[in-house]
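The values are calculated or read from the model by the stated rules, or taken from the named source; none is laboratory data. No experiment lies behind these values; they were computed from the predicted model shown. Reconstructed Cβ throughout: ideal geometry from the backbone, glycine too, with neighbour counts over all protein chains shown.
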Amino acid sequence: MNDLPGLYLVTIEALPNAGTEDFEEFGGAYVNAYVREASEEVALAVAQREIAQAGWSCKAVESVVYVTHEDYADDDEGIESFKQALLDGVVLDFHTYPVEPEDDDAVH
């Protein structure tokens, strides 16, 4: 059994701030923030602060869950971010979407 500690995975929908390069290129992003903190509340605050410092505005909190190494047994990309966050305290993974919907995107 792996004795690595867990951390919080905070998923936030964010919008790029006006006047930034990201604003010209992206319509928004879902950000996975891997945060090593003692509580859900502190992890959420850290995630929001880090996203803001990256030049993005938090639109909506999608989820906040506590995850462990075992949760990433079949997720090569996620495990790398998880491990890096254990070392650095926080890692942000931006999953961006375009300004305009693509032809095959569902529009609600």
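Within the stretch 39-49, does at least one residue satisfy the condition of being surrounded by 14 or more Cβ atoms within 10 Å (Cβ to Cβ) and among the polar types (S, T, N, Q)? Scanning the stretch 39-49 turns up at least one residue that is surrounded by 14 or more Cβ atoms within 10 Å (Cβ to Cβ) and among the polar types (S, T, N, Q). The set of residues in the stretch 5-21 that are at pLDDT 95 or above and among the acidic types (Asp, Glu) contains only GLU13.
Please verify whether GLU102 is part of a helix (DSSP H, G or I), at pLDDT below 95 and exposed (fewer than 12 other Cβ atoms within 10 Å of the Cβ), treating the condition exactly as stated. The answer is no for GLU102. Each residue in the stretch 25-76 was checked for being hydrophobic (A, V, I, L, M, F, W, C) and assigned to a strand (DSSP E or B), and 12 pass.
Among the residues of the stretch 82-93, the ones that are surrounded by fewer than 19 Cβ atoms within 10 Å (Cβ to Cβ) and either β-branched (Val, Ile, Thr) or in a helix (DSSP H, G or I) (or both) come to 5 in all. Just the residues that are free of Cβ contacts under 8 Å to residues at least 24 places away in the same chain and on the phi > 0 side of the Ramachandran plot, please, taken from the stretch 15-62. The one that is free of Cβ contacts under 8 Å to residues at least 24 places away in the same chain and on the phi > 0 side of the Ramachandran plot: GLY19.
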